[in-house]
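The values are calculated or read from the model by the stated rules, or taken from the named source; none is laboratory data. All values reported here derive from a predicted model rather than from experimental measurement. Heads up, the Cβs are rebuilt from the backbone with ideal geometry, glycines too, and the neighbour counts pull from every protein chain shown. We work out accessible area using only protein heavy atoms, side chains counted, and drop any ligands, DNA or RNA first. Shrake-Rupley method; radii C 1.70, N 1.55, O 1.52, S 1.80 Å.
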Amino acid sequence: MEASDGAASAASTASAVPVDTPAANGDMGRPRRGLGLVPERLQKREQERLLEVERRKQERQNQTVEEEKSDFFAAAFAREREAVERLLGCADQEAPGPGADPAKLDEAASRLQALQKLLNDAVLYLAPYDLRLGQEALARLQGALAERRQELQPKKRFAFKSRRKDPAASAPSPATSAPPPEKPPQLQQPPPQPTPPLLGGVLVPSVSGFSNRESETLQMQAKELHQRDILLTGLTDCTIRLYGNPNTLRLTKARGCTVLCGPVSTSVFLEDCIGCVLAVACQQLRTHTTRDTRIFLQVTSRAIVEDCSGVQFAPYSWSYPGIDQDFEGSGLDRNKNNWRDVDDFNWLARGVASPNWSILPEEERIIQWD
């Protein structure tokens, strides 16, 4: 009897001990809830930290590369600019000196084109301020080159006005032994030359173009335009067609005008234009104080707007017989068009679109120009 009571007591004691006691001593049998998430969170945080370190490293490398490119551009641009200034004779002067050498002017024009290409290639990494300085220097040198070319054109010389003599009166009269004294020759003054206009602080020679016209249809042909500097100013409600390859194009103080132009070898400048339509291909476009204007553009660099509003851009679509030859003569690459890449110097917020310009919707783009 006592033996059975002892067995029952042992069984009761054994049943009081939990079956999973060894697991409870170290929780080795099953993981506690929540403890398995800790390593995952730590691992994810470590990955994020490594990605951030790599991103900052890449930014520093990119910044170093851009700084190196900017330093190289600044040195090369300054060197070429000084060479052009020496060829034009305008170094350390506000205006070119007297005299002009055609060979030097040709070399200066060639170097200016190379300088323009250097600036176009650097647009992607240059700061807006440095880009503006480069464009202003180019505009000044192009104006100086145009002025020096103007000096090469022959000017009217002073001439003595001779009096016509009557053959009958030239025979000596028997009553007179000597002809009457002639009046002293008069010095013929040449007509006064117009003063070249100033545009944006740059001296622009009086060359080809139209000014102060209203409600007219105007046009110029290839021979009149070839590598000339074209100035259109003071036009209202006019349609202008420029069939050819000018060197530069300047459109100022235009109201409600349509300007269709062939490929321009270098730069196009717009200033103080309202309600206009412009179709042009060029290396560089710069637009100032212009509003409510549509620009159909082909440009190899980035277009620039400043103090503008309501400017819309679309790809260049005007064509005419002979435009392929004009593109070849201009040196523009028809396969390169950055018409939608626009820098607004009054809007420097990154990641936010400028409210001063926009892309023209496709349904509003002109297809038939004539």
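Okay, here's what the table says:
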| read-out | value |
| --- | --- |
| Count of residues meeting criterion [open to solvent by 10 Å² or more (accessible area, probe 1.4 Å) and either of a type in the set (Asp, Glu) or under 13 Å from LEU225 (Cβ atoms) (or both)] in segment 245-270 | 1 |
| Top-ranked residue in segment 289-305 [being open to solvent by 10 Å² or more (accessible area, probe 1.4 Å) and assigned to a strand (DSSP E or B); ranked as nearest to TYR316 (Cα to Cα)] | GLN298 |
| Only one of LEU231, LEU225, LEU235 that is touching a residue at least 24 places away in the same chain (Cβ under 8 Å) and open to solvent by 20 Å² or more (accessible area, probe 1.4 Å) | LEU231 |
| Total residues in segment 114-130, condition crowded, with 19+ Cβ neighbours inside 10 Å, of a type in the set (A, V, I, L, M, F, W, C) and either in contact with a helix residue (DSSP H, G or I) (Cβ under 6 Å, 6 or more places away or on another chain) or over 13 Å from LYS69 (Cβ atoms) (or both) | 3 |
| Residue satisfying all of: in segment 306-330; open to solvent by 60 Å² or more (accessible area, probe 1.4 Å) and not polar (S, T, N, Q); farthest from the chain's Cα centre (by Cα) among these | PRO321 |
| Among the residues listed as ASP343, ASP333, ASP370, the single one being surrounded by 15 or more Cβ atoms within 10 Å (Cβ to Cβ) and over 19 Å from ASP292 (Cβ atoms) | ASP343 |
